[in-house]
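Working notes for the structure below.
What follows draws every value from the coordinates through simple rules; no lab data is involved. Just so it is clear, the model here is predicted, and its values are computed rather than measured. Cβ sites come from the backbone with ideal geometry, for glycine too, and all protein chains shown count toward neighbours.
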Amino acid sequence: MKSGRFVVRISPQLHQTLIEQAQSRGISLNDICVERLSVMAQDKSNQENLFINLNTRFFGLRLLGIVKLNQKAFIFLEPTHVINALLYWDFEEAVIEKLNFRLEVQFLNMPENLNKMSYDLSEALVMGQILFDQNGELLKLSNKIKKTFLIQQLDNKSHVSVF
């Protein structure tokens with residue numbers, strides 16, 4: 001079981017600022033740090049939920065899924081949806097400008113087979129966080145990629161000779 005305790009190094013200026021804020025409110029330095037970290041964690045969760053809600057309103061049923069990897073969001077649309085500069089422009093105005101954080105966005109039509117997927121997309125599906133998956137297709141695709149990768153790894157090991 002984790003203790004809930006960790007050490008963090010901060011600048012002397014930030015340390016002094018936090019002490020002053022805690023003293024002015026009559027709470028401990030620990031309490032103010034816990035409060036700030038909790039707000040930040042909640043803000044991230046709220047921002048992701050806002051991002052999902054704005055996307056579902058903007059795209060409606062054409063939105064099939066969203067995968068986030070670091071500061072990049074892969075937005076999967078139905079295979080026939082046209083992806084062009086106008087879409088990026090409208091999306092910036094309708095969604096991105098309403099967020100408190102910057103996020104690089106890439107629109108994709110849902111791939112029909114694994115052979116046509118880029119390395120970035122494969123990495124996002126394996127390593128990223130699925131924020132929205134309308135019909136479970138992204139999870140299936142992610143599992144398929146992982147299985148394919150595992151089979152390739154096992155195949156490579158079976159061809160290695162040891163002298």
Residue-averaged [θ]222 nm for the chain, counting only DSSP H segments that reach four residues, each worth -39500 (n - 2.57): -17500 deg cm²/dmol
Residues with amide H under 5 Å from that of PHE132, placed H, sequence gap 5 or more: ILE66
Nitroxide proxy distance, nm - points 7 Å out along Cα→Cβ at TRP89 and ILE19: 5.5 nm
Gain upon complete extension [HIS81, LEU150; 0.36 nm per residue less C-alpha separation]: 21.6 nm
Inter-site label distance for GLN106 and PHE6 at 7 Å from Cα along Cβ, in nm: 2.8 nm
Size of charge dipole - the chain - debye, nearest 20, with Cβ of Lys, Arg +1 and Asp, Glu -1, no other charges: 600 debye
Exposure proxy ranking, count of Cβ atoms within 10 Å, fewest first, for VAL34, VAL7: VAL7, VAL34
Under the span-like rule (Cα at least 24 Å along the axis, Kyte-Doolittle mean at least -1.0), DSSP H helices of the chain: 29-59, 137-158
Linear extension gain, ASP120 paired with GLN47, 0.36 nm per residue minus alpha-carbon span: 23.9 nm
Relative contact order for the stretch 10-147, counting Cα pairs under 8 Å that sit 6 or more residues apart, in percent: 25 percent
Residues whose placed amide H lies under 5 Å from that of PHE107, excluding near-sequence neighbours: ILE75
Bridge type composition, the stretch 43-155 - antiparallel percent by DSSP, nearest 5: 60 percent
Lysine pairs in the stretch 1-117 with Cα atoms under 27 Å, if 8 or more residues apart or on separate chains: 8
